[in-house]
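K.L.:
Have a look at the structure that comes next, please.
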Amino acid sequence: MDLEKIVERFALLASLSKEESEAFTYICNDAQNELISKLLPNTDTTMHSERLIAAAAALSLYRYMQVKALSQTTESFSAGDITVKENMNRAVDVAYEIWQSEKAKIADILKDDAFAFWRVKCNV
């Protein structure tokens, strides 16, 4: 996966300029590493690069929105008769939905560690 392409796609999703998005390259790098760690063994990342880039960018957006929500000090401001409100909880929810959608597109190459069969022993 190409980190630069992940950052570019993240910038588009987050409506950030290239310069603004550079400050969040670490989030994109973390997302890339997280996805790589969850790939099935012997996955050809070159063959799946576009899907992986899209997923890494979506995960980056989700993490970015979480950070932004944590650092937000005001939810609204007024200027005369105009009031502007920003609902960061909804923004985080939308970013999560985007991440889940992109994650579903790469489910076939991810390890499934969220499912287990359990045996229940019954002493009768």
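K.L.:
Applying the Karplus parametrisation 6.51 cos²θ - 1.76 cosθ + 1.60 with θ = phi - 60° to the phi angles of the range 27-39, what ³J(HN,Hα) value in whole Hz is obtained for each residue in order, glycine and proline being reported as x?
P.N.:
Per-residue couplings from phi come out as 5, 5, 5, 4, 5, 4, 5, 5, 5, 4, 5, 9, 6 Hz.
K.L.:
Amide H to amide H under 5 Å from LEU110: which residues, 5+ apart in sequence or cross-chain, H placed 1.01 Å off N in plane?
P.N.:
Amide H neighbours of LEU110: LEU40.
K.L.:
Would you mind calculating the gained length between GLN72 and VAL120 on full extension (0.36 nm times residue separation, minus the Cα-Cα distance), in nm to one decimal? Can you show the working numbers first?
P.N.:
On the way: separation 48, 0.36 × 48 = 17.28 nm, distance 4.75 nm.
Length gained, GLN72 through VAL120: 12.5 nm.
K.L.:
Let me ask something additional. What is the packing order of peptides 45-51, 7-13, taking the mean over residues of other C-beta atoms within 10 Å and listing the highest first?
P.N.:
7-13, 45-51
Coordinate-derived values only; no laboratory data. Bear in mind the structure is a predicted one, so any value in this text is a computation, not a measurement. Neighbour counts run over all protein chains shown; Cβ positions are idealised from the backbone, glycine included.
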